[in-house]
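Presented below is the structure to which this report refers.
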Amino acid sequence: MQESSSTSVLHFLTWLKHEGKSSNTISTYHQEIKKFEHWLEANEKKLMNISQNEVQDYIIFLEQQGKSPITTDKILGVIRTFAKYLKKPDISFDIEIKQGSKKDEFEVLSQIECEQLLTEVKEHENKRNIAIVYMLLHTGIRVSELCGLNKSDLEFERSKVKITSANGEERIIPLSEEVKSHLEGYLEATQNNEALFVSKSNERLTERSVQYMLKKYNVNAQKLRHTFCQQLIDKGVSLEVVSKLAGHRDINVTKKYAKGRIQTEAFEDAIRRTFSGN
């Protein structure tokens, strides 16, 4: 007797745990599989009977919804893992994904990749590097701005940090609880320097040093900055707010993160909210 889809999904999550996946990664996989299942049900299909055709049709659906090739490929990766668990890897073979314009496509980390990066960095137990990666990923600041930070720029009581750009303009960025926690852990082990991030010889950290450190994790500061902006846009944060947080001088730069991501539902919701009851 074939098990139900809900039971199969639970067994899949248990299998992922045995494979060594983190709880955050498992949660992300669960969310994506449930979205896939809901789409299948809406099209009168069953998760346990999926074929290559259903997988391809779902990818086409995601593309029509404005998902970028990078995001779509990450979702396909989740389905590939599920197909592997089902012992039906062939259903995810030869799936076509439209390639977007490289000019307008920012390279960003998926949620799964973010969790994997943070897990890997924390495994090395270097408090400074952990704080740096969290700062870049949760504030979106440029590597030059990171290296220029002084301890006096931090306002822990207000959970904020003052950023000064290369042209001297200042902006205030709120700090997430995770960033605050890792900064506090790092500061407890540092000497009384003016610079926030320093080398082993207590010199202000250089941009080159930060990029070299990040390279060990197959990432760069620019990708982390793009990821910060893209995650805000994907969560529905306004272009104006993202632009100010990122320190973009031209909002057209910010608009590139939102290109092609407006879904049909957003248009319908706009009409309902504006004209309902009139």
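The values are calculated or read from the model by the stated rules, or taken from the named source; none is laboratory data. Keep in mind that what you see is a predicted model, and the values were worked out from it rather than measured. Here Cβ is always computed from backbone atoms with ideal geometry, including for glycine, and neighbour counts include all displayed protein chains.
Some observations on this one:
- Candidates are the residues of the stretch 193-230 that are within 18 Å of VAL121 (Cβ to Cβ) and hydroxyl-bearing (Ser, Thr, Tyr); the one that is farthest from the chain's Cα centre (by Cα) is SER199.
- Looking at GLU184, GLU240, GLU203, GLU194, just one residue is at pLDDT 90 or above, within 17 Å of VAL161 (Cβ to Cβ) and surrounded by fewer than 12 Cβ atoms within 10 Å (Cβ to Cβ), and that residue is GLU194.
- Cβ separations smaller than 7 Å between residues 6+ apart or across chains give the following pairs from the stretch 118-145 residues that are under 20 Å from SER22 (Cβ atoms) and assigned by TED's automatic domain parsing to the domain that holds SER243 to residues that are hydroxyl-bearing (Ser, Thr, Tyr) and not in a helix (DSSP H, G or I): THR119/SER22; GLU120/TYR217; VAL121/TYR217; HIS138/SER176.
- Looking only at residues in the stretch 43-55 that are on the phi < 0 side of the Ramachandran plot and not in a helix (DSSP H, G or I), the one that is surrounded by the most Cβ atoms within 10 Å (Cβ to Cβ) is ILE50.
- Scan of the stretch 141-156 for residues that are surrounded by 15 or more Cβ atoms within 10 Å (Cβ to Cβ) and in a helix (DSSP H, G or I), ordered by number: VAL143, GLU145, LEU146, CYS147, ASP153
- Within the stretch 164-222, being free of Cβ contacts under 8 Å to residues at least 24 places away in the same chain and of a type in the set (Phe, Trp, Tyr) holds for one residue alone: TYR212.
Quick grid of which residues meet (1) outside the structural domain of ILE173 (by TED's automatic domain parsing); (2) within 23 Å of SER110 (Cβ to Cβ); (3) in a loop (DSSP other than H, G, I, E, B):
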position: GLN191; (1), (2), (3): no, no, yes
position: SER201; (1), (2), (3): no, no, yes
position: SER209; (1), (2), (3): no, no, no
position: TYR217; (1), (2), (3): no, yes, yes
position: LYS223; (1), (2), (3): no, yes, no
position: PHE228; (1), (2), (3): no, yes, no
position: GLN231; (1), (2), (3): no, yes, no
position: GLY236; (1), (2), (3): no, yes, yes
position: VAL242; (1), (2), (3): no, yes, no
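- ILE75, sole failed condition from (1) within 20 Å of the chain's Cα centre (by Cα); (2) not assigned by TED's automatic domain parsing to the domain that holds TYR29: (2)
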